[in-house]
1. Could you tell me which numbered condition residue 135 fails, if it satisfies all but one of (1) under 27 Å from residue 209 (Cα atoms); (2) at pLDDT 85 or above?
2. Can you tell which of 46, 51, 65 is within 35 Å of the chain's Cα centre (by Cα), under 29 Å from residue 7 (Cα atoms) and outside the structural domain of residue 253 (by TED's automatic domain parsing)?
3. Note down all Cβ pairs under 8 Å where the first residue falls in the stretch 64-87 and is more than 20 Å from residue 49 (Cβ to Cβ), the second is modelled with pLDDT under 85, and they're at least six residues apart or on different chains.
4. Residues that are at pLDDT 90 or above, aliphatic (A, V, I, L, M) and either assigned to a strand (DSSP E or B) or at negative phi (or both): does the stretch 251-264 have at least one?
5. Picking from 190, 212, which residue would you name as being in a strand (DSSP E or B) and modelled with pLDDT of 80 or more?
6. Would you check which residues across the stretch 5-55 are under 13 Å from residue 69 (Cα atoms) and of a type outside the set (D, E, K, R) and list them?
7. Tell me which residues, restricted to the stretch 22-39, are in a strand (DSSP E or B) and out of contact with any Ser or Thr (no Cβ under 9 Å at 6 or more places or on another chain).
8. What pairs come up if the first residue lies in the stretch 208-228 and is under 15 Å from residue 266 (Cβ atoms) and in the same structural domain as residue 192 (by TED's automatic domain parsing), the second is of a type in the set (A, V, I, L, M, F, W, C) and part of a helix (DSSP H, G or I), and their beta carbons are under 8 Å apart, counting only those six or more places apart or on different chains?
Amino acid sequence: MESLNIKEVSEMYGISSHIIRHYEKIGLIEPKRLKNNYRCFSFKEICQLNIIRDLRTLGVPLNDIKLYLDKRSFSETKKMLEDNLTKLNEEFELIKKQKKGIEHRLQVMNQLSGIEKKVDKWTIELIERTKEYAYVREGIHTLSSYEAFVEFFEEEKRLLLSDISEIEDLYTFNLMGSMITTDKKELSYQGLFFIARQKTKVGNLLEIPSGQFISLFYRGSYEKTKEMVNEIKKYADERSLKISEPFMTFHLIDFNHTLNEENYLTNIVVKIQN
C-alpha cells in the first residue's frame, strides 16, 4: 500500500482530521513527516488506526488503547477485552437501573395526574395505611417563610440522600416528606423522611404504624400548610377524633416539577389515636 495523506485517511475512516491529529498528539500513531511537513501515513499507521477504530467501537478508552498498543500481545489483548467486558456489564446494569427509575417516576407522575384532577383547592378524608418504615433526618426547625422552607428542604434532602445512598436504590422514586408538629405558634419541622422499601437495621429508621389516618391533599404554595393543618384539626374535632402528631407532609408536585406554585400538590397525613 502506498502512503496516504491526512485527508485521504480522514475520508477512509470517516473521522475528522482533528481527531487524527489528537491521536498523534497522545501518541497513538506516529505518521512520518514529509519535507513540506505534511503527514504521511504508512501501512503501519493504517493498521494501528484499524486497531484503534475496532477498540473504540467496543468502547475501550483511549488511555487503555495507548497502553495496549505499547505492549500488545495475545495475553494483553485477552485481558483488555475481559476488563472492558466487565466495565460494559457494570454500565449496562447502571443503565437498567436508570431506565427502571425513569419508568417508575413516569408511573408515579401518571398517578399524580389522576389525583390532580380530583383536587381543586383541597380535599380531606379518612384513610387506612399499612405499616411502613422511613429513614429520618431529625432536627427541629421553625420556619416562618416559604424561602426558608425551600432552603431547609433542599439541604436536608441532600444530606438525607447522602446518608442512605449505600442502602437504597435512589434511581427508583420513593416518597419523601417532612414531619411537622404544632406545639408552638409556628409550625415546627422535625426533619425529613424517606419511605424505605423494607425494614433494615442500617440507618435511622422510623416505624410508621398501620391504622386510620386523616389525609388532606391541597394545591398551591407551601405557605398554605399551616392553614391546611388547622383544617385537619377542625375535621378531627368535628368528629371527636384524637390525632397523634407529627403531621407527615408529602411534597408530591413541588418546585422540582413546576415553576407555578399554584400547581404544587401536597399531601398531609396524621394518625388517629386508637
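1. (2) is the only condition that residue 135 fails.
2. Values: 46 fails: within 35 Å of the chain's Cα centre (by Cα); 51 fails: within 35 Å of the chain's Cα centre (by Cα).
Of 46, 51, 65, the one residue that is within 35 Å of the chain's Cα centre (by Cα), under 29 Å from residue 7 (Cα atoms) and outside the structural domain of residue 253 (by TED's automatic domain parsing) is 65.
3. 87/59
4. Step one: of the stretch 251-264, the residues at pLDDT 90 or above are none.
Checking the stretch 251-264: not a single residue is at pLDDT 90 or above, aliphatic (A, V, I, L, M) and either assigned to a strand (DSSP E or B) or at negative phi (or both).
5. On the way: 190 fails: modelled with pLDDT of 80 or more.
After applying the criteria, what remains is 212.
6. 23, 26, 27, 28, 29, 47, 48, 49, 50, 51, 52, 55
7. 33, 39, listed by residue number.
8. 214/232; 214/236; 216/228; 216/232; 217/115; 218/228; 222/149; 222/150
The values are calculated or read from the model by the stated rules, or taken from the named source; none is laboratory data. In this text, all values refer to a predicted model and were calculated from it rather than measured experimentally. Please note: Cβ atoms are built from the backbone with ideal geometry, for glycine as well, and neighbour counts cover all protein chains shown.
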